[in-house]
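Since every read-out is calculated from the coordinates, none of them should be taken as a lab result. Because the structure is a prediction, the values reported are computed rather than measured. Because the Cβ atoms are built from the backbone with ideal geometry, glycine has one as well, and the counts that use them run over all protein chains shown.
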Amino acid sequence: MFSERDDVDSAGPAHYGIHPDAFAEERPDPRPEEAKRMGLSRHTEEGAVLYFASSLDRGKTGHRMMAWILLVTFAAPVIYILLVLL
């Protein structure tokens, strides 16, 4: 009565809202080896920021500007706390 049906595919990533092609990489993975070992991929919050930052090209002006914006964004709270403590 409750047997497996042959006309239904087994549950894959697409059944959970993730397209099967999402796991296929279009280009080489720019993440450092440490990030790969820790399991940080572009599908996690921290891994997405790391993936984005490591894919920036220093030869492009827009990428350099984005790198400076990221630097200021992440360094500003630390600098503010240090100023408050002094």
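Over its Cα atoms, what ratio of radius of gyration to 2.2 N^0.38 Å does the stretch 33-85 give? Intermediate values should be presented prior to the final figure.
Working: Rg = 13.8 Å, N = 53, 2.2 N^0.38 = 9.9 Å.
Expressed relative to 2.2 N^0.38 Å, the Cα Rg reads 1.39.
Would you calculate the separation in nanometres between label points at Ala48 and Phe74, each defined as 7 Å from the Cα along the Cα-to-beta-carbon direction?
Those two pseudo-labels are separated by 1.6 nm.
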